[in-house]
Structures are given as C-alpha cells and as structure tokens.
Amino acid sequence: MSARGTILLVDDEKEIIQLMDIYLKNEGYKLLKAADGLEALELLGRHQVDLIILDVMMPRMDGIEACMKIRESKNMPIIMLSAKGQDMDKIAGLSIGADDYVTKPFNPLELVARVKSQLRRYQQLSGPQRQDENEIVIEELVINISTHTVTVEGQEVQLTPREFAILKLLAINRGIVLSMERIYQEVWNEPFMESKNTVMVHIRKIREKIEKDNQNPRYIKTVWGIGYKIDRL
C-alpha cells in the first residue's frame, strides 16, 4: 500500500478514469482501475483496497449490484458516482451500503476532498478497535470469526452455529437492512419458503444472549416490514 492508501476507481468512462488518475496520484494515492463491477470484484480479490469510487451505470455489472456484493464481505468506504441527481437515487445508493454520493459532472477537487474525509473517518472509527483481521468490534460486542466466539463487555456468550452465522452476517453488513429472506437463504443455504418465524426465533435468542434490554436492543435493530440490521458506528 502507498503512503496515503489504495483507491479502486470503477467507471466505464475513460475520461473520468484519466482525470482522477492525475488528481489522486498527485495526492499520493495508489490507484487501481476497473471498467465495471465484475472487474472491480476481481481486483478486490487480489489487492488490499482502502476506498472505492464506484459509478452506478456500467455494463456487465452496475454499481448498485457491485456495491451489494462488496458489502457482503468488505467494509471500506464506498463513494458512488452517478449522473442521476434525484434524492431517491441518492437514497437508494446510500441504503445499500454506500458512504457518500457524488453527482456527475463533478469537481475533481471536491471528489478528492470527499475521499480524504471518508478515509479519515474510517481510520478513526476502525483503527483503534480493529485488533486483528478476524475480529469485528461493535462497541462492547466482539465477534471473532476464526474462533467462532462472541463476547459482550468481556464476557463470552454461547451461540449456536446458526446464531453465530446470523450475527456475523449482520455485523459484516453493518448499516445495511437485511431481509428475513436474505438472512435465511444465506445462513440456511436453501430457498426461503416462508420461513419468517425461523429467522425471528433465532434473532430473539441472539438478543437474549447479547442484549441487556430486548425491548430496546443496542445491537440488532428491527426495521419493521423489512428486516434487521446492526447500525454503523
């Protein structure tokens, strides 16, 4: 990684790639470039990336789908680019896990400033708490992926394998509302088949073990009519 960090720029417009290549490199960042979401995912599998600038409209895999895929396992900042400036388009981008939204055409200096702001915020929030690559730390909740252990305020709690899988899924996708259908399909690895009660029962059991007040949960929040989420810090 370079002194300032590595940025993945995903856009099928060569002019934007060339323009931001100049501005970002002048600021000391290393730049990786992709023309669509599939190429971006391939690069993420081979490189350590600190921030992603992701265009919405692209061939093969667009930015919305790419952002959702990235958020399944990564939590670095994502800045969305789009020619669509309507509020609902911005809300859609932010609701699937993007951290910021910039409308085209944009001032390159403004985008660089947003890159710096997002990296600074991410490093402040994740730096002191991220003890190793296998731990997810959310306030007093610590999830160790390698040992499949969970502690709350330093006390270990016993979760079943499925309870652990649900908690890990929500923690990895922090800030994103996951439907009961998606939770069931990813944890049980089978079609949903109207299994709402199964997910609800598991969520209730997890809360009983990690929350002090089930009526006002600190970690797993219910988004009525949609699903569950763990808030971003």
Anything in the range 153-166 that is at pLDDT 90 or above and either more than 21 Å from the chain's Cα centre (by Cα) or farther than 17 Å from Asn189 by Cβ (or both)? List them, or say none. Glu156, Val157, Gln158, Leu159, Thr160, Pro161, Arg162
So which residues in the range 181-210 are surrounded by 11 or more Cβ atoms within 10 Å (Cβ to Cβ), out of contact with any Leu (no Cβ under 7 Å at 6 or more places or on another chain), farther than 22 Å from Thr151 by Cα and charged (D, E, K, R)? Glu181, Arg182, Lys196
Checking Ile96, Ile70 in turn, the sole residue that is at pLDDT 85 or above and either within 18 Å of Ile172 (Cβ to Cβ) or under 12 Å from the mean Cα position of the chain (by Cα) (or both) turns out to be Ile70
May I ask you to verify whether Asp62 is more than 17 Å from Val115 (Cβ to Cβ) and either among the acidic types (Asp, Glu) or modelled with pLDDT under 90 (or both)? yes
With a cut-off of at least 1 residues that are among the acidic types (Asp, Glu), name the strands (runs of 3 or more DSSP E) lying wholly within the range 1-56. 51-55
Regarding Asp213, is this residue of a type outside the set (A, V, I, L, M), surrounded by fewer than 16 Cβ atoms within 10 Å (Cβ to Cβ) and farther than 20 Å from Ile70 by Cβ? yes
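Could you check the range 98-120 and list, in sequence order, the residues that are part of a strand (DSSP E or B) and either under 15 Å from Asp21 (Cα atoms) or outside the structural domain of Tyr29 (by TED's automatic domain parsing) (or both)? Don't jump to the end; show me each part of the working.
Taking the range 98-120 first, the residues part of a strand (DSSP E or B) are 100-103.
Answer for the range 98-120, where residues must be part of a strand (DSSP E or B) and either under 15 Å from Asp21 (Cα atoms) or outside the structural domain of Tyr29 (by TED's automatic domain parsing) (or both): there is none.
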Can you tell me which of Leu125, Leu119, Leu109 is at negative phi, of a type in the set (A, V, I, L, M), surrounded by fewer than 16 Cβ atoms within 10 Å (Cβ to Cβ) and modelled with pLDDT of 80 or more? Leu109
Condition set aliphatic (A, V, I, L, M) and surrounded by fewer than 18 Cβ atoms within 10 Å (Cβ to Cβ), scope the range 18-31, selection farthest from Lys69 (Cα to Cα): answer is Ile22
Please pick out the residue among Tyr219, Tyr228 that is under 27 Å from Asp100 (Cβ atoms), of a type in the set (Phe, Trp, Tyr) and free of Cβ contacts under 8 Å to residues at least 60 places away in the same chain. Tyr228
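The values are calculated or read from the model by the stated rules, or taken from the named source; none is laboratory data. Remember, predicted model here, so these are calculated numbers, not experimental data. Counting neighbours? That spans all protein chains shown, and the Cβs are built from the backbone with ideal geometry, glycine included.
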